[in-house]
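The values are calculated or read from the model by the stated rules, or taken from the named source; none is laboratory data. Only a predicted model underlies this, so the values are computations on that prediction, with no experimental measurement involved. Cβ atoms come from the backbone with ideal geometry, glycine included; neighbour counts cover every protein chain shown.
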Amino acid sequence: MATPVTPNVSDFGRAQGAAPDTLPVVRKMSFADIGTALRRGLDDFKAVPSHAIILCLIYPILGLVLARLVLGYSVLPLLFPLAAGFALIGPFAAVGLYELSCRREQGLDVSATHALNVLRSPSFGAMLGLGTLLLALFVVWVATAQAIYTAYFGYEAAASIPDFARRVLTTPEGWGLIIVGCGVGFLFAVVALCVSVVSFPLMLDRHAGVADAMLTSLRVIQRNPLVIAAWGLIVAALLIIGSLPAFLGLAVVVPILGHATWHLYRLAVDTPAPATHERPREVHGRRYAADFPASLFSRSREE
């Protein structure tokens, strides 16, 4: 009779409310760790640039489509909220990049198709759930930004980019829009950062559930508030810079930040030595004619 296999708590128990002592240990970080993560992310991007760009082409295209279709009229007032709002969904958009960085870290072959391995991850459902939450947060942020603009300037659309810039930069209403909009956007960004700073890499690496991944992210921030705040500001600034040339710069900025996020997770969370993501080969023992037909069902009993 096959010996029953006890499920691994670190793989499957977290989503069911595992005990706090099963959560990974959070490290104390320094500002130098941010530079380390960014350098390693840049090295990953240099090693597999074509893969990263292919994965992220959808990202700037999504920005262009949203910028054209939102509310069906002039989207100039929403270009900045859209660019800044990408920080909210960026952690989920980069899940394939985490897989590439993980494989490169393990010394495995890396190709574009390996990014799709996340679809077979035991925690992909959890990642999709948290990604849906971030997408909802992004939509609420865009709607809120539109409401703030309407409160200051009404529904009249700007005639041109210079006209829009004049309204925002040279009028009291424009300065009020900047102050209130940035303040509200900051709150949205803080919420997204708190729940996702290391959540997706942790779910990919240790198959954690949504609750435990978010709890670990909160613990990372609790222990390293200034470092994570600096990381969040760097991410927001780079995403805005990458959005300026019609969002096309995101094809470079997003993969670098995605790879860097994986390495930030490695620096922030004490995890076991990385185990290969390769599916283990099945080993079948010798079967005898006398075992028939019971041998037909032995595999299901073992599982």
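Can you name the residue in segment 72-109 that is over 23 Å from I178 (Cα atoms) and part of a loop (DSSP other than H, G, I, E, B) and is also modelled with the lowest pLDDT among such residues? Per the stated criteria, the residue is D109. When L133 is tested against (1) assigned to a helix (DSSP H, G or I); (2) modelled with pLDDT under 90; (3) within 30 Å of R219 (Cβ to Cβ), only condition (2) is not met.
Within segment 172-188, residues that are within 15 Å of L78 (Cα to Cα) and loosely packed, with under 13 Cβ neighbours inside 10 Å reach no partner that is at pLDDT below 90 and not acidic (D, E) with beta carbons closer than 6 Å at six or more positions or on different chains.
For segment 186-303, the helices (runs of 4 or more DSSP H) that sit wholly inside it and include 2 or more residues that are at pLDDT 75 or above and either under 15 Å from the mean Cα position of the chain (by Cα) or closer than 30 Å to R120 by Cβ (or both) are 199-206, 210-223, 225-243, 250-268.
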